[in-house]
Amino acid sequence: MSNSIDNLLHETRRFTPSEEFRANAVAGADLYDRASSDRPAFWGEQARELLHWHTPFTRTLDWSNPPFAKWFDDGQLNVAYNCLDRHVEAGNGDRVALNWEGEPGDSKTFTYAELTAEVKKAANVLAGLGIGQGDRVAIYLPMIPEAVISMLAVARLGAVHSVIFGGFSAESLRARIDDASAKLVITADGGWRKGKVSALKPAVDASLTIGGPENPSTVEHVLVVKRGNNDVAWVHGRDLWWHDQIDAANPEHEAQPFPAENPLFILYTSGTTGKPKGILHTTGGYLTQVAFTHKNIFDLHPETDVYWSTADVGWITGHSYVVYGPLANGATQVIYEGTPDAPHPGRWWEIIQKYGVTILYTAPTAIRTFMKLGHHIPAQFDLTSLRLLGSVGEPINPEAWVWYRDVIGGGTTPVVDTWWQTETGAIMVSALPGVTTLKPGSAQVAVPGIHIEVLDDQGTPVPKNSGGLLVVSEPWPAMLRGIWGDPDRFVETYWSTFPGKYFAGDGARLDRDGDIWLLGRVDDVMNVSGHRLSTAEIESSLVSHPRVAEAAVVGATDETTGQAVVAFVIVRVIEDDDEPGAAKALADEILDEVVAETVESLAAELRAHVATQIGAIARPKQVFIVAELPKTRSGKIMRRLLRDVAEGREIGDTTTLADTQVMKIISGTVG
Ligand code: WT7
């Protein structure tokens, strides 16, 4: 790691904004001065300028009970009205809001007037199903317009959505439904992925029957969008077709105002324990910061730009920079249902050409995958409409940054690397295009109005040219308001390392200019393709398999996905009554590598087990069957050594190991 950091810090390429870009840029350097004199007042100005308030607020920040912040709390607004109706009322009803592209090549366009009309009907449908202020609605949908419509309809009613990524399993879905006591699930029969229909509804059906009749869920209805046209099972009385309900719905719906601290959504993310955290966001502060950052960091000119974020609405990027930020700003955007390589590897570039996309926001994993495929693929398409590129989810290595700018951005577009988290709600560290001289590989500077520090273990800010832990030192408008149902865990996880300051869980380094370089997580959280996964959650899934006695999971460095899940597993010896000693013999054989096939099939079974339990994104790339796990004398698994093995390195310092023999056995087994 330290070698690669040194290399990074020797990166000397610099890109100043072009005169043309600077002249037309939305953001100016004055934003920093305006923000630094009085941060809450600055955010108050932004909230008034960017949003419509049914009842104007008189208070900006209430930090009297830290870490529980309230922003603009005596103000009232309606999030959906801000994202829809007001643009129509301002005469922009004919502007395209969504250009939706289905994977098989079908497409649909919604103007702001049309999207508003759809959301009004959907809000009436949900209200008819008993959804009102504060109720929780689970959304488990592919990237189709109904995903955006559902989220906005829930928001319009002052209810709370919990979007669950379509790649999560029935069990993960049920855990999230239970945690939030959701009354309604909105799903689809299926969606298109990798050239075929992938069913979704069966996972909903399975999730709601987990635990049998003794374990009923809180769900009263399942609303089903028809997309895949695949056959589905039907529970009469519970299941309803979306189109039947929408067609019969009243088209009129007036948006009611709700307090600025009314909850907007819960989004689950992995932490250091096995149980995902329901990150809670509210309305007024959240919408202010997502609109502000979307406008200034992406240099949005809503009349002329065509913006595309490739994120799925199942992740925070899809919430903040597909739904709420762009729509609050009246942007025209593209959303795409499928995978980048279906039906051909130039699919994304074809979409950019087709819609004349000007701003593209994606993840380093995707960029590295395209780099591998070669520049001749994007070269077949006209990408000259692009004028700004964004990156998010994990550190972007300078080579990928420069490739992105040169090959996709024609050697001229600024690239903004944006650091933030599910918890922060909106971008926190990024360059401002048109202002900042760009440095490939560095996320660079705090967003105006955000106070970021890099601290040492004692909580002292580190000097330039050194590393430490990234913290946010003052409350910010889009900050999480808590973990759903668990205020203690909220305080403990984020606010106890450095009292009064938010600890993000990331390591960072300041270079000699004071610019920030993100170095990855410092906890047992992995980042695979920009998605957060917990080692503990995957370990507990593995040990729930009857053949597994103990498991340890590490994130091993991976060229394309940033990190990859690698599992080390000790096989349980199960005595078979008919054949005493057989299982023990099998375990010995496995360890002797006598029956390589058994190892392989067991590894395959365990990989599949994790995919079924958590979801395909958590499936380990590799499973090593081992005799022992390296532990310290106090019994803590030494993941550092496991990472050495997983990454094919010489095993490091083992002096704190309880049994130094252990690593020999492990390396013998896998080496
Ligand atoms: C973690 C948050 C924010 C949307 C996507 C991920 C890592 C995120 C960057 C970046 C380096 C980054 C951090 C962070 N991360 N963006 N630009 N450079 N690392 O959201 O699932 O909540 O994960 O992703 O480690 O803590 P998330």
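No lab work stands behind these numbers, since they all come straight from the coordinates. These numbers come from a predicted model, not from an experiment. Glycine also receives a Cβ, built like all others from the backbone with ideal geometry; neighbour counts cover every protein chain displayed.
Extending 7 Å from the Cα toward the beta-carbon at both S496 and T598 defines two label points whose distance is 4.4 nm. Modelled this way, with points 7 Å down the Cα-to-C-beta line, the labels at D341 and D33 are 5.1 nm from one another. Farthest towards the positive end of the charge dipole of the chain, among the residues G325, V225, F568, is the Cα of G325, using unit charges on the Cβ of Lys, Arg, Asp and Glu.
Between A41 and E559, the FRET efficiency estimated from the beta carbon spacing at R0 = 41 angstrom works out to 0.35. Ellipticity at 222 nm from helices only: DSSP H runs of n ≥ 4 in the chain, each -39500 (n - 2.57), divided by the residue count, give -8500 deg cm²/dmol. Neighbour counts of other Cβ atoms within 10 Å put R59, R643 in the fewest-to-most order R59, R643. Here the gap between T58 and E89, fully extended at 0.36 nm per residue and compared with their Cα-Cα distance, gives a gain of 8.6 nm. The relative contact order of the chain, computed from alpha carbon pairs under 8 Å that lie at least 6 residues apart in sequence, is 13 percent.
Counting only DSSP beta bridges with both residues in the chain, the antiparallel share comes to about 60 percent. Taking a spot 7 Å from the Cα of E647 along the direction of its beta carbon, which residues of the stretch 261-298 have an amide N less than 15 Å from it? No residues fall inside that zone.
In terms of surrounding Cβ atoms within a 10 Å radius of their Cβ, H161, H87, H301 rank from fewest to most as H301, H87, H161. Label point 7 Å out from T304 along Cα-to-Cβ: which residues of the stretch 387-410 have amide N under 14 Å? Residues passing the 14 Å test: 387-388. Straightening the chain between S466 and R48 buys 146.6 nm, computed as 0.36 nm per residue apart minus the Cα-Cα spacing.
In terms of surrounding Cβ atoms within a 10 Å radius of their Cβ, V623, V26 rank from fewest to most as V26, V623. DSSP assigns beta bridges within the stretch 39-163; of those with both partners inside it, close to 70 percent run antiparallel.
Between A199 and V522, full extension at 0.36 nm per residue minus the direct alpha carbon distance yields a gain of 112.6 nm. Based on the Cβ-Cβ distance of T612 and D247, what FRET efficiency does E = 1/(1 + (r/R0)^6) give at R0 = 25 Å, to the nearest 0.05? It comes out at approximately 0.10.
In this rough spin-label picture, where each label sits 7 Å from Cα along the Cβ direction, the T437-K354 distance is 4.2 nm. Restricted to Cα atoms, the chain shows a radius of gyration and a Dmax of 25.1, 81 angstrom.
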